Amino acid sequence: MIIAQIADTHLVAANAADPMYGARTENLRVCIADINSLDPRPDAVIHTGDMTQHGQAAEFAHARSLLDALEMPLYLTPGNRDGRAGMARAFESDGFMPPNCIFIHYAVETHSVRLVAVDSLADDGSAKGDFCEARLAALDDTLAEAPDKPTALFLHHPPFDVPSAPDPFAYQRRQAAADLAAVVFRYPQVVRIFTGHMHRPCAATVGGVAASTVPSVAVDRRYGHYTPTMAGRPVYQVHRFDGRWGFSSETRLVGIGTDIS
């Protein structure tokens with residue numbers, strides 16, 4: 001299975017006057033075109049949150065108008081900028097997101113790797129993440145349903161430290177990340193965890209499972225050290241699953257024709 005991962009597009013409404021927001025639109029547009037051009041083509045695209053800047057209906061409508069150009073299924077999980085309700089309304093017609101959900105949690109069963117969306121938003125509206133008992137229980141139940149199928153989790157906040165970030169830990173409580181790791185550890189079919197939020201690449205292990213962040217698609221929000229050839233060029237990641245060794249990942253620099261590992 002091949003998964004393309006995008007995150008942190010931070011879009012506003014289509015009619016925004018600030019050219020910075022126009023550049024973010026173009027960043028996503030060229031990523032979508034590049035994903036569609038891949039051979040072999042990804043089986044799915046995951047967006048790991050902060051699709052929008054303010055979580056407003058017009059922003060989701062703009063995002064939707066761009067993402068509809070993808071030629072493969074799109075699955076998403078909310079970022080702290082998105083909130084839950086607006087994202088659920090904008091994408092409920094796609095059928096993968098349960099209606100009237102208190103939190104956004106679902107499993108995609110139609111691929112060789114089971115995809116499980118995990119809602120990492122703090123209930124108080126904080127930019128940092130958290131997990132309540134209900135979400136951890138829902139994840140536990142979901143993983144128990146298919147113990148023999150390789151499973152990847154995707155969520156917004158990375159449940160590990162990102163040392164290069166000014167604020168390395170993305171959660172309100174250390175215990176939240178520990179609780180997630182404890183659930184993951186119980187289920188050996190979990191083979192990877194994909195996240196966003198930090199706007200830079202980083203990798204770690206959570207509950208014995210490889211976990212990673214992806215750089216932001218929005219170039220003006222991207223952090224970290226990049227070569228001069230990467231300046232102004234959007235970045236996303238491609239993850240390829242092989243049953244013998246799991247996922248291998250590469251970072252794709254759009255517009256060059258070469259992959260940067």
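Can you tell me how many residues in the stretch 213-261 are at pLDDT below 90 and among the β-branched types (V, I, T)?
5
Mind telling me which of the residues A211, A181 ends up being surrounded by 21 or more Cβ atoms within 10 Å (Cβ to Cβ), within 23 Å of E133 (Cβ to Cβ) and either touching a strand residue (DSSP E or B) at 6+ places or on another chain (Cβ under 8 Å) or not β-branched (V, I, T) (or both)?
A211
If you check I3 against the conditions, is it of a type in the set (A, V, I, L, M, F, W, C), touching a residue at least 24 places away in the same chain (Cβ under 8 Å) and touching a Lys or Arg at 6+ places or on another chain (Cβ under 9 Å)?
In short, yes.
Six or more apart or on different chains, Cβ atoms under 8 Å: show the pairs whose first residue is in the stretch 171-190 and touching a residue at least 12 places away in the same chain (Cβ under 8 Å) and among the polar types (S, T, N, Q) and whose second is surrounded by 20 or more Cβ atoms within 10 Å (Cβ to Cβ) and part of a helix (DSSP H, G or I).
Q189/L143
D34 - would you say it is on the phi > 0 side of the Ramachandran plot and touching a residue at least 24 places away in the same chain (Cβ under 8 Å)?
no
Given (1) outside any loop (DSSP other than H, G, I, E, B); (2) more than 18 Å from the chain's Cα centre (by Cα); (3) under 20 Å from M1 (Cα atoms), identify the lone condition not met by A134.
Against the list (1) outside any loop (DSSP other than H, G, I, E, B); (2) more than 18 Å from the chain's Cα centre (by Cα); (3) under 20 Å from M1 (Cα atoms), A134 comes up short only on (3).
The values are calculated or read from the model by the stated rules, or taken from the named source; none is laboratory data. All of these numbers come straight from a predicted model, not from anything done at the bench. Note that each Cβ is placed from the backbone with ideal geometry, even for glycine, and that neighbours are counted across all protein chains shown.
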